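Undergrad: Below you will find the structure I want to go over with you.
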Amino acid sequence: MMASATIPVRVAEVDRITPLVKRLALQPSDGVSLPAFSGGSHVVVTMQRGEGVHRNPYSLIGPPGDRSRYQIAVLRVERSRGGSVFLHDHAGIGTALQITPPVNLFPLIGQARKHVLVAGGIGITPFLAHLDELRRMGARYELHYAARDLEHAAFADRLLAEDPGRVRLYPSRQGRRIEPAALLAHQPLGTHVYVCGPGPMIEAVVAAARAAGWPPSHVHWERFAAPGPGRPFTAVLARSRRSVLVRGDVSLLEALEADGLQPPYLCRGGACGACETAVLAGEVEHGDHYLSDEVKAAHTRIMPCVSRARGDRIVLDI
Ligand SMILES: Cc1cc2nc3c(=O)[nH]c(=O)nc-3n(C[C@H](O)[C@H](O)[C@H](O)COP(=O)(O)OP(=O)(O)OC[C@H]3O[C@@H](n4cnc5c(N)ncnc54)[C@H](O)[C@@H]3O)c2cc1C
Ligand code: FES
């Protein structure tokens with residue numbers, strides 16, 4: 001399998017939303033319409049910088065009906081390998097980028113009786129398109145949005161203006177915090193909860209839902225976090241009879257790409273399953289949320305976007 005074809009786009013608008021978040025509008029370079037998408041979708045943005053390349057997923061924040069341009073909102077992550085900093089400091093009107101077609105791993109559930117959306121920080125982005133869809137559906141919903149303070153709560157003014165009564169803000173510097181157990185209590189049967197934000201927030205909401213007896217099928221989350229650096233190792237590609245050195249600061253997926261391969265991917269975050277690869281020998285340090293505990297324990301499959309070899313060497317069926 002090969003990575004799916006990308007779409008050439010150009011940056012058509014850039015504006016600062018908060019001190020650390022910029023909005024970028026991306027228009028197709030060839031002028032044709034972009035593929036349709038639904039709320040919760042993301043695209044993977046490829047940024048070429050000299051010899052280096054960054055490929056980062058970003059949620060689409062514009063109204064799902066708009067096929068003339070896509071909009072993303074990017075948090076500047078200071079201590080990173082540079083993808084978000086590139087979009088903040090070097091992407092201007094006209095900058096050429098490549099994007100994948102949109103993929104939705106965080107869709108709204110049409111049959112839900114009510115939708116409870118819980119956002120933390122930049123985790124607000126997938127909900128912007130969700131809200132547009134919910135309004136059009138005439139659905140019952142509420143949004144709970146935690147941020148450091150009002151200045152850093154991206155799009156908060158707009159959300160409060162568009163949906164007064166349905167949007168509640170929780171600025172942590174004013175001591176306001178989302179209490180997941182209280183939030184989930186007394187919701188009507190058939191409610192679905194969706195959470196996107198820092199890991200501890202996702203875990204708290206998922207744990208509160210479980211403790212309150214919510215069916216797992218009614219609890220949805222999306223994690224933005226990229227894995228941290230790991231130990232270097234060698235990936236032996238059994239079928240193509242070659243070896244690839246995976247440095248500590250790159251993922252196995254990135255090392256394979258740098259070696260000229262085009263492994264498939266959709267999320268680059270261990271959630272979608274597209275990059276699943278068979279392991280012939282060696283143990284895996286799993287970092288994904290896709291494989292079952294049983295498969296993980298067998299060390300026969302690896303998700304190269306987030307997982308690494310536990311030892312110095314791993315043999316892959318590639
Ligand atoms: C589905 C999804 C949607 C997202 N939507 C948004 C959004 O709307 N707005 C937003 O600001 N951010 C979003 N993110 C996060 C975004 O993709 C980047 O992770 C973030 O911008 C930081 O990028 P960076 O290049 O600055 O930092 P880095 O963290 O240095 O790089 C991030 C990229 O490098 C990879 N990576 C880094 N180190 C390693 C390593 N040691 N091993 C393996 N892989 C490594 C990650 O997989 C990731 O692709 C989203 C993430 C996901 C998964
Ligand atoms: S690309 Fe989605 S799990 Fe690896």
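Undergrad: Being over 25 Å from L159 (Cβ atoms), open to solvent by less than 60 Å² (accessible area, probe 1.4 Å) and within 17 Å of the chain's Cα centre (by Cα) is the requirement here; does T46 meet it?
TA: In short, yes.
Undergrad: Taking R268 as the residue in question, decide whether it is within 14 Å of R308 (Cα to Cα), at pLDDT 95 or above and either within 15 Å of ligand 1 (Cβ to nearest atom) or among the charged types (D, E, K, R) (or both).
TA: Spelling it out, it is not the case that R268 is within 14 Å of R308 (Cα to Cα), at pLDDT 95 or above and either within 15 Å of ligand 1 (Cβ to nearest atom) or among the charged types (D, E, K, R) (or both).
Undergrad: Could you check how many residues of the stretch 114-156 are without any contact (Cβ under 8 Å) to a residue 40 or more places away in the chain, outside any loop (DSSP other than H, G, I, E, B) and within 16 Å of G197 (Cα to Cα)?
TA: Residues in the stretch 114-156 being without any contact (Cβ under 8 Å) to a residue 40 or more places away in the chain, outside any loop (DSSP other than H, G, I, E, B) and within 16 Å of G197 (Cα to Cα): 5 in total.
Undergrad: Consider the stretch 37-52. How many of its residues are of a type outside the set (K, R) and free of Cβ contacts under 8 Å to residues at least 60 places away in the same chain?
TA: Of the residues in the stretch 37-52, 7 are of a type outside the set (K, R) and free of Cβ contacts under 8 Å to residues at least 60 places away in the same chain.
Undergrad: Give the stretch 76-104 a look and list any residue that's aliphatic (A, V, I, L, M) and closer than 26 Å to A255 by Cβ, or say none. If you could, list the steps in order and put the result at the bottom.
TA: Here is the first cut: in the stretch 76-104, the residues aliphatic (A, V, I, L, M) are 77, 85, 87, 91, 93, 96-97, 99, 103.
Matches in the stretch 76-104: V77, V85, L87, A91, A96, L97, I99, V103.
Undergrad: Could you list, ordered by first residue, the pairs with Cβ atoms under 7 Å in which the first is in the stretch 157-182 and surrounded by 15 or more Cβ atoms within 10 Å (Cβ to Cβ) and modelled with pLDDT of 95 or more and the second is among the β-branched types (V, I, T) and part of a loop (DSSP other than H, G, I, E, B), at least 6 apart or interchain?
TA: Close Cβ pairs (under 7 Å, with a partner that is among the β-branched types (V, I, T) and part of a loop (DSSP other than H, G, I, E, B)) amount to Y170/I178.
Undergrad: Quickly run through the stretch 278-305 and pick out the residues that are open to solvent by less than 20 Å² (accessible area, probe 1.4 Å) and either within 13 Å of ligand 1 (Cβ to nearest atom) or more than 21 Å from A225 (Cα to Cα) (or both).
TA: Passing the criteria: V279, D288, I302, M303, P304, C305.
Undergrad: Is it fair to say I314 is buried (at least 20 other Cβ atoms within 10 Å of the Cβ), within 24 Å of L105 (Cα to Cα) and in contact with a strand residue (DSSP E or B) (Cβ under 6 Å, 6 or more places away or on another chain)?
TA: So I314 does not fit the description; no.
Undergrad: Can I ask one more? Restricting the search to the stretch 216-228, which residues are open to solvent by less than 60 Å² (accessible area, probe 1.4 Å) and not in a helix (DSSP H, G or I)?
TA: Those that are open to solvent by less than 60 Å² (accessible area, probe 1.4 Å) and not in a helix (DSSP H, G or I): V219, H220, E222, G228.
Undergrad: Would you check if V246 is under 19 Å from I314 (Cα atoms), within 16 Å of ligand 2 (Cβ to nearest atom) and among the β-branched types (V, I, T)? Walk me through it before giving the result.
TA: Details: under 19 Å from I314 (Cα atoms): yes; within 16 Å of ligand 2 (Cβ to nearest atom): yes; among the β-branched types (V, I, T): yes.
Criteria met by V246.
Undergrad: Looking only at the stretch 252-273, how many residues end up being in a helix (DSSP H, G or I) and either farther than 16 Å from D317 by Cα or more than 9 Å from ligand 2 (Cβ to nearest atom) (or both)?
TA: Looking only at that region, the number is 6.
Undergrad: Would you check if there is a residue in the stretch 274-290 being part of a loop (DSSP other than H, G, I, E, B), free of Cβ contacts under 8 Å to residues at least 24 places away in the same chain, under 26 Å from the mean Cα position of the chain (by Cα) and more than 16 Å from ligand 2 (Cβ to nearest atom)?
TA: Within the stretch 274-290 (the criterion being part of a loop (DSSP other than H, G, I, E, B), free of Cβ contacts under 8 Å to residues at least 24 places away in the same chain, under 26 Å from the mean Cα position of the chain (by Cα) and more than 16 Å from ligand 2 (Cβ to nearest atom)), the answer is no, since none of the residues qualifies.
Undergrad: Can you tell me which residue within the stretch 54-79, out of those that are free of Cβ contacts under 8 Å to residues at least 12 places away in the same chain and under 21 Å from V306 (Cβ atoms), is most open to solvent (accessible area, probe 1.4 Å)?
TA: By that ranking, first place goes to R79.
The values are calculated or read from the model by the stated rules, or taken from the named source; none is laboratory data. Note that the structure is a prediction, hence the values are computed from the model and not measured. A quick note on method: Cβ atoms are made from the backbone with ideal geometry, for glycine too, and the neighbour counts reach across all protein chains shown. For the accessible areas, the whole protein counts, side chains as well, though only heavy atoms, and no ligand, DNA or RNA atoms are used. Shrake-Rupley method; radii C 1.70, N 1.55, O 1.52, S 1.80 Å.
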